[in-house]
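S.K.: Next up is a structure, given as structure tokens.
The values are calculated or read from the model by the stated rules, or taken from the named source; none is laboratory data. Quantities reported herein were computed from a predicted structural model and do not represent experimental measurements. Note that each Cβ is placed from the backbone with ideal geometry, even for glycine, and that neighbours are counted across all protein chains shown. Side chains are part of the model used for accessible areas, which takes the heavy atoms of the whole protein and leaves out ligands, DNA and RNA. Shrake-Rupley method; radii C 1.70, N 1.55, O 1.52, S 1.80 Å.
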Amino acid sequence: MTDGTGTRRALLFAAACLLAAPVWAGLALVGNENGGTISLIDTVKDEVVGEIKTGGKPRGTAIHAARKLAYVSEQSGNALLVIDLEKRAVVKKIDLGESPEGVYISPDGRLVTASVELTNSVIFVDTASGEIAFRVKIKGENPEHAVFSPDSRTVYVSAEEDDKLEIIDVAARKQIAQLTVGTRPRGIAFTPDGAKAYVACERADTVYVIDSRSHKILRTIKAGLRSNGLTMHPDGKRVYVSNGGDGNVMVIDTATDQVTATIPVGQRPWNMAITRDGAKLYVANGRSNSVSVIDTVGNTVVKTIPVGLTPWGVQILE
């Protein structure tokens with residue numbers, strides 16, 4: 001049996017472990033574009049546990065776990081907000097230019113990209129200094145997403161008003177290729193080995209499959225109405241596409257590039273994120289002001305979480 005002293009020691013040890021645990025871990029961050037807030041979702045309980053006020057129109061979010069920082073594009077203020085995840089507060093603003101959208105961090109953690117619509121450019125921010133490292137002007141119009149390849153060497157950019165996929169060489173700091181894809185390209189996702197990239201084209205209701213080593217189009221996949229967001233499963237065997245007009249998410253087998261399941265969610269599903277273990281997919285429903293949580297084994301919605309106004313997307317910190 002444990003005596004009173006032993007019990008007290010055990011309780012003190014448990015409390016110390018809780019205090020030592022990273023209070024910022026296990027969160028999904030949801031940028032509410034018309035709410036001026038970031039909703040914080042506990043990914044164990046699947047409940048909103050907090051909110052960060054940003055003001056303006058927060059859109060894309062990227063998380064640097066090692067630095068405990070989140071980077072959020074704020075459209076009305078033309079800025080990249082730097083959020084301290086321990087303080088849960090904005091600690092810096094970086095001027096980007098007019099109408100920034102998607103924000104992504106390189107797999108090596110060194111750079112953050114921000115797509116700036118009205119200047120047709122991608123801005124690269126150095127995460128060590130917190131300053132702009134360089135800018136790349138693209139040939140296409142209205143970039144929305146600028147996504148790093150798994151090796152951090154290239155960035156694929158969807159130019160939504162020009163039906164183009166732009167490809168940037170990060171080391172060379174310049175655009176090296178351009179592909180014509182379907183009308184209004186938006187979401188982009190790479191397989192973990194970097195061999196293929198998927199591009200959702202909203203007005204074509206189609207996903208394009210790209211050989212990301214030769215930068216050539218391999219094939220197209222018929223998606224749902226207004227396909228837009230894309231998220232890759234960590235095992236690389238499945239990629240998920242949100243169909244804004246149909247209110248659902250399709251599952252694509254990356255070995256066959258065939259649709260294997262369709263999952264109803266909320267209205268205007270948009271950008272998504274998946275947990276590190278691949279067990280749960282979080283889908284921002286822009287017109288339902290909610291996030292759908294999908295069990296990726298059963299391909300079913302297990303919870304719908306109310307968030308702020310017009311959620312633009314989700315990022316997960318684990």
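S.K.: Mind grabbing the base-10 log of I(q)/I(0) for the chain at q = 0.12, 0.15 Å⁻¹? Debye formula, identical points on the C-alpha positions, no solvent, two decimal places.
M.R.: Evaluating at q = 0.12, 0.15 Å⁻¹ gives log10 I(q)/I(0) of -0.74, -1.16.
S.K.: In addition: Given the rule -39500 (n - 2.57) for each run of at least 4 DSSP H residues, summed and divided by the residues of the chain, what is its mean residue ellipticity at 222 nm, to the nearest 500 deg cm²/dmol?
M.R.: Numbers: 1 runs with 17 residues, N = 318.
When only DSSP H runs of four or more count, the value is -2000 deg cm²/dmol.
S.K.: Using a 7 Å offset from the Cα along the Cα-to-Cβ direction at both Glu86 and Asp235, what is the distance between the two label points in nm, to one decimal?
M.R.: Distance between the two pseudo-spin positions: 3.7 nm.
S.K.: Give me Rg/Rg_expected for segment 24-181, where Rg uses Cα atoms only and Rg_expected = 2.2 N^0.38 Å with N residues.
M.R.: Computed over Cα atoms of segment 24-181, the ratio equals 1.01.
S.K.: Still on this structure, please answer the following. Rank Ser212, Ser76 by accessible area, highest first, at a 1.4 Å probe radius?
M.R.: Ser76, Ser212
S.K.: Next question. Averaged across orientations, what area in nm² does the convex hull of the alpha carbons in segment 227-270 project?
M.R.: 2.8 nm²
S.K.: On the protein heavy atoms, probe 1.4 angstrom, tell me the percent of accessible surface of segment 62-102 carried by carbon and sulfur.
M.R.: 42 percent
S.K.: Under a point-charge model restricted to the Cβ atoms of Lys and Arg (+1) and Asp and Glu (-1), what is the dipole moment magnitude of segment 107-247 relative to its Cα centre, in debye to the nearest 20?
M.R.: Values: 19 positive and 19 negative charges, 75 e Å.
Around 360 debye, computed over segment 107-247.
S.K.: Let me ask you something else. With contacts defined as alpha carbon pairs under 8 Å and 6 or more residues apart, what's the relative contact order of segment 107-217 in percent? Let's see the in-between values first.
M.R.: Values: 291 pairs, mean separation 18.2, N = 111.
It comes to 16 percent, rounded to a whole number.
S.K.: Let me ask something additional. Only Cα pairs under 8 Å and at least 6 apart count here; give the relative contact order of segment 196-295 as a rounded whole percent.
M.R.: Numbers: 269 pairs, mean separation 17.3, N = 100.
Relative contact order for segment 196-295 comes out at 17 percent.
S.K.: Treating only the Cβ atoms of Lys and Arg (+1) and Asp and Glu (-1) as charged, compute the dipole magnitude of the chain about its Cα centre; round to the nearest 20 debye.
M.R.: Dipole size: approximately 220 debye.
S.K.: Now for a different question. Just how large is the dipole of segment 126-167 about the Cα centre, in debye to the nearest 20, putting +1 at every Lys and Arg Cβ and -1 at every Asp and Glu Cβ?
M.R.: My answer is approximately 220 debye.
S.K.: Shifting gears a bit: Name the residue farthest towards the positive end of the dipole of segment 22-88 from the options Val49, Ile63, Leu27, assuming +1 on Cβ of Lys and Arg, -1 on Cβ of Asp and Glu, about the Cα centre.
M.R.: Of the listed residues, the answer is Ile63.
S.K.: For helix 4-20, report the angle its Cα long axis makes with the longest principal axis of the Cα atoms of the chain; keep it between 0 and 90° and round to the nearest 10°.
M.R.: With rounding to tens, the tilt is 20 degrees.
S.K.: For segment 143-269, state what percent of all Cα-Cα pairs lands in each successive 10 Å bin, counting from 0 Å until the bin that includes the largest distance.
M.R.: 15, 49, 31, 5, 0
S.K.: Suppose R0 equals 22 Å. What FRET efficiency, 1/(1 + (r/R0)^6) with r the Cβ-Cβ distance, do Asp46 and Ala195 give to the nearest 0.05?
M.R.: 0.10
S.K.: Turning to a different aspect of this structure: If you average the sequence gap of Cα pairs under 8 Å that are 6 or more apart and divide by the length of the chain, what percent do you get for the contact order?
M.R.: 12 percent
S.K.: Hey, another quick one. Say we join alpha carbon atoms closer than 10 Å with springs in a Gaussian network model of the chain; which of Ile263, Ile294, Ile105 then has the biggest fluctuation?
M.R.: With Cα springs under 10 Å in the chain, the top fluctuation among Ile263, Ile294, Ile105 is at Ile263.
S.K.: While we're looking at this one, here's another question. List, in the order given, every pair from Lys57/Lys92; Lys196/Lys280; Lys137/Lys164; Lys53/Lys92; Lys137/Lys216; Lys68/Lys196 whose Cα-Cα distance in the structure shown is over 25 Å.
M.R.: Lys68/Lys196
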